[in-house]
Every structure is written in structure tokens, then in C-alpha cells.
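Colleague: Sending over a structure as C-alpha cells; questions will come in a sec.
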């Protein structure tokens, strides 16, 4: 097992999330093609992804960012609606809307255009409408976020930064 997966499992443990052996082998690590996973990256465990629903656990290491993107409408849907629920740590979620004047964190290098800040602590959640630009970043302790959504088609996500590959 590689070090990133081991570290991801430590975060699940901190959050009190029990992962089966089968699930351990399904953890995906994404650096979004930038080769800088300490700053831009995400660890993902997908429990289920059907035509009607999706459930995932997302792990962000300290100050790690999932870059700005949106979930556009597809042939059979209006785009992915998703709810983020913080399980451990602190998550800074940025969405379209009035920019935060005293933003608590900054994005890493790249292209970011939305700065309406929502801070999620354990037990707090936020629901994003389909096709909403958003990005999120963990606080200094890292974070574990449960994602509940309509069908996930990650390959269709549109990233603001053209360098990103999913």
C-alpha cells in the first residue's frame, strides 16, 4: 500500500469512518495532472455511483485544494447536484456569489474566479446546485468530507484552469 493511501486511511480513522478491505483498494488519488499533490489534489473513495445517486468520501490533506470546476448539464440530466458534509477538520468552500472581503485562505497557483466563502466544520453541510463553479480547500488539520450527489460523471467536469486533467 502506498503512503498516500495509508495517510488517507489515517484521516478516515480520525473521522471515525470505517473502511472495508475492498474499499481500501478503491481509493483514488487525483493530482489533476499538475504534479503538485501537496497543494492541488484529492483522495476519493466512491461507495456508489448509479444513474440516480452517488456517495463518496473525500480526503484533503492539510491545506490541499480541489481546483475550481463545475458539473455541466449532460444528455440525460441537468448537471450534478451535490451536498458536502464535513466529517473532520475544516473545509473552506468557494462558490459563485458575493466574494468574501476577509477571505480566510487563498488558492494555490492556478486559475480561480469564485470567492464567496462558506466555512464547513464537522457536522456542517452545504448543497451546490448543478453547474455551479466551486473549489474547496482543507484547513491546517486536513479534512474529510462526505459527498452525496446525483450521478457523478467526473470526466465531464469543466475546470477553470485549462491545464487540469481529470
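Colleague: Which one is nearest to the chain's Cα centre (by Cα) among residues in the range 78-97 that are exposed (fewer than 15 other Cβ atoms within 10 Å of the Cβ) and at pLDDT 95 or above? Working first, answer last.
Modeller: So the first thing to find is which residues in the range 78-97 are exposed (fewer than 15 other Cβ atoms within 10 Å of the Cβ), and the list is 78, 83, 97.
Then drop every residue that is not at pLDDT 95 or above, which leaves 83, 97.
Numbers: 83: 11, 97: 19 Å.
So the residue we want is 83.
Colleague: For the range 1-25, give me each residue that is at pLDDT 95 or above, in a loop (DSSP other than H, G, I, E, B) and over 14 Å from residue 61 (Cβ atoms).
Modeller: Within the range 1-25, 16, 17, 18, 19, 20, 25 meet the criteria.
Colleague: Let me ask something else about it. What tally of residues in the range 54-77 results from selecting those that are out of contact with any helix residue (DSSP H, G or I) (no Cβ under 8 Å at 6 or more places or on another chain) and at pLDDT 95 or above? Give the steps one after another, and end with the answer.
Modeller: Here is the first cut: in the range 54-77, the ones out of contact with any helix residue (DSSP H, G or I) (no Cβ under 8 Å at 6 or more places or on another chain) are 54-56, 58, 60, 62-70, 73, 75-77.
Applying the additional criterion that residues be at pLDDT 95 or above yields 54-56, 58, 60, 62-70.
Of the residues in the range 54-77, 14 are out of contact with any helix residue (DSSP H, G or I) (no Cβ under 8 Å at 6 or more places or on another chain) and at pLDDT 95 or above.
Colleague: Mind checking which residues of the range 26-57 are without any contact (Cβ under 8 Å) to a residue 40 or more places away in the chain, in a loop (DSSP other than H, G, I, E, B) and exposed (fewer than 15 other Cβ atoms within 10 Å of the Cβ)? If you could, list the steps in order and put the result at the bottom.
Modeller: We begin by selecting, within the range 26-57, every residue without any contact (Cβ under 8 Å) to a residue 40 or more places away in the chain; these are 26-29, 31, 35, 37-38, 41-45, 47-48.
Applying the additional criterion that residues be in a loop (DSSP other than H, G, I, E, B) yields 26-27, 31, 35, 37-38, 41.
26, 35, 38 - these are the residues of the range 26-57 that are without any contact (Cβ under 8 Å) to a residue 40 or more places away in the chain, in a loop (DSSP other than H, G, I, E, B) and exposed (fewer than 15 other Cβ atoms within 10 Å of the Cβ).
Colleague: Quick check, is residue 142 surrounded by 18 or more Cβ atoms within 10 Å (Cβ to Cβ) and farther than 22 Å from residue 48 by Cβ?
Modeller: Working: surrounded by 18 or more Cβ atoms within 10 Å (Cβ to Cβ): yes; farther than 22 Å from residue 48 by Cβ: yes.
Yes, satisfied.
Colleague: Please state which one of 114, 119 is closer than 29 Å to residue 7 by Cβ and not in a loop (DSSP other than H, G, I, E, B). Even if it seems obvious, please write down each step before you answer.
Modeller: Details: 114 fails: not in a loop (DSSP other than H, G, I, E, B).
Exactly one residue qualifies, and that residue is 119.
Colleague: Now for a different question. Restricting attention to the range 59-72, does a residue exist that is part of a loop (DSSP other than H, G, I, E, B) and more than 15 Å from the chain's Cα centre (by Cα)?
Modeller: yes
Colleague: So, in the range 3-25, of the ones that are without any contact (Cβ under 8 Å) to a residue 40 or more places away in the chain and in contact with a strand residue (DSSP E or B) (Cβ under 8 Å, 6 or more places away or on another chain), which residue ends up farthest from residue 47 (Cα to Cα)?
Modeller: Of the range 3-25, the ones without any contact (Cβ under 8 Å) to a residue 40 or more places away in the chain are 3-6, 9-10, 13, 18-25.
With the extra rule that they be in contact with a strand residue (DSSP E or B) (Cβ under 8 Å, 6 or more places away or on another chain), the set shrinks to 4-5, 19, 23.
Working: 4: 19, 5: 16, 19: 10, 23: 8 Å.
Applying the filter and picking the extreme gives 4.
Colleague: For residue 122, indicate whether it is modelled with pLDDT of 95 or more, surrounded by 14 or more Cβ atoms within 10 Å (Cβ to Cβ), within 19 Å of residue 156 (Cα to Cα) and in contact with a strand residue (DSSP E or B) (Cβ under 9 Å, 6 or more places away or on another chain). Even if it seems obvious, please write down each step before you answer.
Modeller: Details: modelled with pLDDT of 95 or more: yes; surrounded by 14 or more Cβ atoms within 10 Å (Cβ to Cβ): yes; within 19 Å of residue 156 (Cα to Cα): no; in contact with a strand residue (DSSP E or B) (Cβ under 9 Å, 6 or more places away or on another chain): yes.
Here the answer is no, as residue 122 does not meet what is asked.
The values are calculated or read from the model by the stated rules, or taken from the named source; none is laboratory data. In this text the structure is predicted, and so the values were computed from the model without any measurement. We place every Cβ from the backbone using ideal geometry, glycine too, and count neighbours over all the protein chains shown.
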